[in-house]
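Trainee: Take this structure, written in structure tokens, and hold onto it; I'll ask about it next.
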């Protein structure tokens with residue numbers, strides 16, 4: 001895997017359903033005549049009510065109410081042929097509501113001109129289909145909120161969708177993602193399991209469940225999911241995704257999450273060298289040196305020329321005061337990236353000099369100049385070291401420093417030292 005692996009968190013994107021349930025068809029067809037005589041300025045609403053399959057629906061309740069200028073309200077029921085008729089007292093806006101046991105309620109606004117007669121044919125959807133329609137509407141609203149990263153609103157809509165229709169799988173998957181972001185790991189696991197119960201073997205849901213159970217410390221669940229996922233052709237891709245999540249967490253300073261993610265990536269692909277190297281770096285920074293060395297060795301076993309791994313190897317051995325191992329590590333580092341190795345050695349030498357170890361610092365600085373002869377600061381520090389033991393060498397190194405870096409902030413100090421010798 002290249003070092004420039006993209007460090008982005010790949011998250012589930014909600015995709016909106018398109019609700020396509022037709023609830024009514026307006027049609028002025030032949031309908032039964034009004035059973036009551038109407039005044040000349042009165043209108044009439046007459047209709048037929050059926051199921052989606054075309055069966056007539058008797059005993060459906062029909063209510064017509066004025067929305068302005070009047071408190072008119074009329075109620076009736078459909079007959080055994082599914083027909084109904086209501087006299088409309090005057091021109092204006094009305095709301096018709098239709099209800100029947102086992103079917104979703106239907107409501108529609110209608111405008112009547114004076115004396116107008118309207119015929120309407122309505123196909124009601126059964127209650128289960130109505131619940132699905134409501135669930136889809138809620139899911140679509142949640143998807144829109146999720147896309148705008150309004151997770152609180154998205155969560156509310158998705159939960160409403162699962163309540164309206166628990167058999168709609170998709171909201172559970174996105175809820176698992178949201179719960180993970182919120183740190184509600186048991187809720188995330190429950191949502192992922194609900195989705196998997198309807199869609200067994202879904203890789204993304206398994207990944208969400210895996211992460212949730214890791215956080216919960218449920219090792220039995222973790223081991224089971226790892227076995228399911230590690231043996232699939234999706235494992236290398238999943239390893240990269242989890243690695244990227246770890247890299248993002250590391251950049252934010254969330255070290256424990258980063259370590260968990262890097263380890264998870266290796267569960268899916270033990271040969272992902274970048275994950276071993278990332279763990280080595282994190283462990284070094286956390287002063288977990290034994291673990292850092294183990295991760296370095298794993299990296300170099302896969303990629304012997306992995307430059308960052310050689311750097312960490314030197315730093316760990318240096319921190320443990322393993323001088324021989326540190327020398328071997330820096331030699332390997334120099335062969336791969338001489339300039340970077342020289343810079344690292346200079347920092348080590350400068351620290352040794354400040355810690356009162358001039359002899360050790362001198363040998364390190366001489367090595368630095370063998371690798372990188374144009375490092376001006378190395379001459380300056382050597383000049384300071386030789387001031388107490390060899391003024392001739394001190395002069396030579398300070399002069400070299402001033403020649404190479406006359407604008408360096410330490411150049412005036414070096415000049416004063418030369419004049420004092």
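Trainee: Is there a residue in region 342-349 that is modelled with pLDDT under 95, under 50 Å from the mean Cα position of the chain (by Cα) and farther than 22 Å from residue 311 by Cα?
Mentor: no
Trainee: Just wondering, is there one or more residues in region 85-100 that are in contact with a helix residue (DSSP H, G or I) (Cβ under 9 Å, 6 or more places away or on another chain) and either touching a residue at least 60 places away in the same chain (Cβ under 8 Å) or not in a strand (DSSP E or B) (or both)?
Mentor: Within region 85-100, none of the residues are in contact with a helix residue (DSSP H, G or I) (Cβ under 9 Å, 6 or more places away or on another chain) and either touching a residue at least 60 places away in the same chain (Cβ under 8 Å) or not in a strand (DSSP E or B) (or both).
Trainee: If you don't mind, another one. For residue 36, only one of the following conditions fails: (1) closer than 20 Å to residue 97 by Cα; (2) modelled with pLDDT under 85; (3) out of contact with any helix residue (DSSP H, G or I) (no Cβ under 6 Å at 6 or more places or on another chain). What is its number?
Mentor: (1)
Trainee: Run down 378, 349 and say which single residue is over 24 Å from residue 293 (Cβ atoms), part of a helix (DSSP H, G or I) and not assigned by TED's automatic domain parsing to the domain that holds residue 297.
Mentor: Of 378, 349, the one residue that is over 24 Å from residue 293 (Cβ atoms), part of a helix (DSSP H, G or I) and not assigned by TED's automatic domain parsing to the domain that holds residue 297 is 378.
Trainee: Shifting gears a bit: Just a yes or no: is a residue in region 358-371 closer than 21 Å to residue 287 by Cα and surrounded by 13 or more Cβ atoms within 10 Å (Cβ to Cβ)?
Mentor: Looking for residues that are closer than 21 Å to residue 287 by Cα and surrounded by 13 or more Cβ atoms within 10 Å (Cβ to Cβ), one finds none in region 358-371, hence no.
Trainee: Does residue 315 count as touching a helix residue (DSSP H, G or I) at 6+ places or on another chain (Cβ under 9 Å), assigned to a helix (DSSP H, G or I) and more than 23 Å from residue 282 (Cα to Cα)?
Mentor: no
Trainee: Which residues, counting only those in region 328-341, are out of contact with any helix residue (DSSP H, G or I) (no Cβ under 6 Å at 6 or more places or on another chain) and under 17 Å from residue 309 (Cβ atoms)?
Mentor: 328, 331, 335, 340 - these are the residues of region 328-341 that are out of contact with any helix residue (DSSP H, G or I) (no Cβ under 6 Å at 6 or more places or on another chain) and under 17 Å from residue 309 (Cβ atoms).
Residue by residue, here is whether (1) in contact with a strand residue (DSSP E or B) (Cβ under 8 Å, 6 or more places away or on another chain); (2) outside any helix (DSSP H, G or I); (3) under 23 Å from residue 215 (Cβ atoms) holds:
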{"site": "109", "(1), (2), (3)": "yes, yes, no"}
{"site": "139", "(1), (2), (3)": "no, no, no"}
{"site": "162", "(1), (2), (3)": "no, no, yes"}
{"site": "166", "(1), (2), (3)": "no, yes, no"}
{"site": "178", "(1), (2), (3)": "no, no, yes"}
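Trainee: Quick test of your reading of the structure: residue 330 fulfils all but one of (1) assigned by TED's automatic domain parsing to the domain that holds residue 265; (2) more than 38 Å from the chain's Cα centre (by Cα); (3) surrounded by fewer than 21 Cβ atoms within 10 Å (Cβ to Cβ). Name the failing condition by number.
Mentor: (3)
Trainee: I'm checking my understanding of the structure. Among residues of region 225-241 that are under 18 Å from the mean Cα position of the chain (by Cα) and at pLDDT 85 or above, which one is farthest from residue 192 (Cα to Cα)?
Mentor: So, considering only residues that are under 18 Å from the mean Cα position of the chain (by Cα) and at pLDDT 85 or above, the one farthest from residue 192 (Cα to Cα) is 240.
The values are calculated or read from the model by the stated rules, or taken from the named source; none is laboratory data. Remember, it's a predicted structure, so these values are computed and weren't measured experimentally. Glycine gets a Cβ as well: all are built from the backbone with ideal geometry, and neighbour counts include every protein chain shown.
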